[in-house]
1. Can you tell me which residue is farthest from the chain's Cα centre (by Cα) among those in region 47-63 that are surrounded by fewer than 16 Cβ atoms within 10 Å (Cβ to Cβ) and part of a helix (DSSP H, G or I)?
2. Can you tell me which residues in region 74-98 are under 15 Å from Lys128 (Cα atoms) and assigned to a helix (DSSP H, G or I)?
3. For region 191-303, which fully contained helices (runs of 4 or more DSSP H) count at least 1 residues that are without any contact (Cβ under 8 Å) to a residue 24 or more places away in the chain and surrounded by fewer than 18 Cβ atoms within 10 Å (Cβ to Cβ)?
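Readers should treat all values here as calculations from the given coordinates under stated rules, not as data from a laboratory. It should be emphasised that the depicted structure is a prediction, and the values quoted were computed from it without experimental measurement. In this analysis, Cβ positions are derived from the backbone assuming ideal geometry, glycine residues included, and neighbour counts consider all displayed protein chains.
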Amino acid sequence: MKSCGFVPSCFSCNIMLQGLFKAKQTDLGLELFHQMQDGWIDALDTQAFNIVMKVACIGRRMEEALSHFDTMKQRDCMPDLDSFNILIKGFSEKGDTEMICCVFKQMLDLNVKPDSYTLNLLIKELCKQGRPERGNDLFYHMRRVGWIDKKFVYTQLVDSLCNYGWWLKALKIFVKMIRRGHHPKVSLYNNLVRRLCTGGRIRQAFKLKDFVVRKGFISDIEIYNALMEGVCLAGRMDMAEKLLHEYQHKRLDPDERMWNALLRGYCLLKNVSKALEIVQKIKDKGMVPELDPCNNLITNLITEKKIEEAMQVKSCIQVYQNPCNDTGPASSNEVNNLADLGVNRSG
């Protein structure tokens, strides 16, 4: 390009930078960047610095990334949203909460508006540390100037706290969210209930169910299904049966999702007799039992030499063996082995 008399622009150099780093030619990319700094082009722009900062952060070289950040400001290239997000993500992966807060405060001081990606990074890091209250000061300014949606912050806090094992803190924020008029998505309720149950907080999960039922913004079937899946996953089948009776007492019919949750729970505990009862109920109601728990049940029945019962379960999941059916995966080895057993036995 230069030999033909063309002066490369910052735009063309940035494309070359991205291409070199993407091809993992880091040394060549840095050499090009240094040439750009030394006056190869008229002026560097913010994108060029963002490119090299991102490469440094990926390599966990945060001091180098900060050096590029400082140089950018010295050369009158104003950091943009991408600049701050790159640094926040880098320090987040390093687990440096203090530097994350420091970079975020600089972002606010320069009146750079954060986006949902920024908030996700901040919330996840604060929840990872189990200290969501540290976000209050950071979020206060954004709420005051109307930069963020409160429902979004509550949702991300609850979801992140659940994922990092802070279930009771997540429950407290979830209730606060509802009381302030922000109705959460069903998926958020499902995640929280499941985490409470598997974390041994069954009592709190039932109290949450009662609270959400009273508020009435989630359908009863969704509320009970989520709790049923949670208690069954936790192996608390006594509570699952209690919940089933409570649901039926409301004159509501359990759907396929609820019956299959019960089936998974009894198969998890290897309670063959109760699992067989559930399979029969699912069949009688014209529904289809899930493949994986049925395969586990078949395996347990074969182990106990109950071939007739195993063949009955197999007949309930023939739908998964139909090549014209797209509702489930192909039949497993357990089912195929059972078919062989049935042939041998009948012979």
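1. The initial filter retains those residues of region 47-63 that are surrounded by fewer than 16 Cβ atoms within 10 Å (Cβ to Cβ), namely 58-61, 63.
Then drop every residue that is not part of a helix (DSSP H, G or I), which leaves 58, 63.
Numbers: Ile58: 22, Glu63: 31 Å.
This residue is Glu63.
2. Step one: of region 74-98, the residues under 15 Å from Lys128 (Cα atoms) are 88-89, 91-98.
Within region 74-98, Ile88, Lys89, Phe91, Ser92, Glu93, Lys94, Thr97, Glu98 meet the criteria.
3. Numbers: elements: 202-215, 220-233, 237-249, 256-268, 272-284, 291-303.
So the answer is 202-215, 237-249, 272-284, 291-303.
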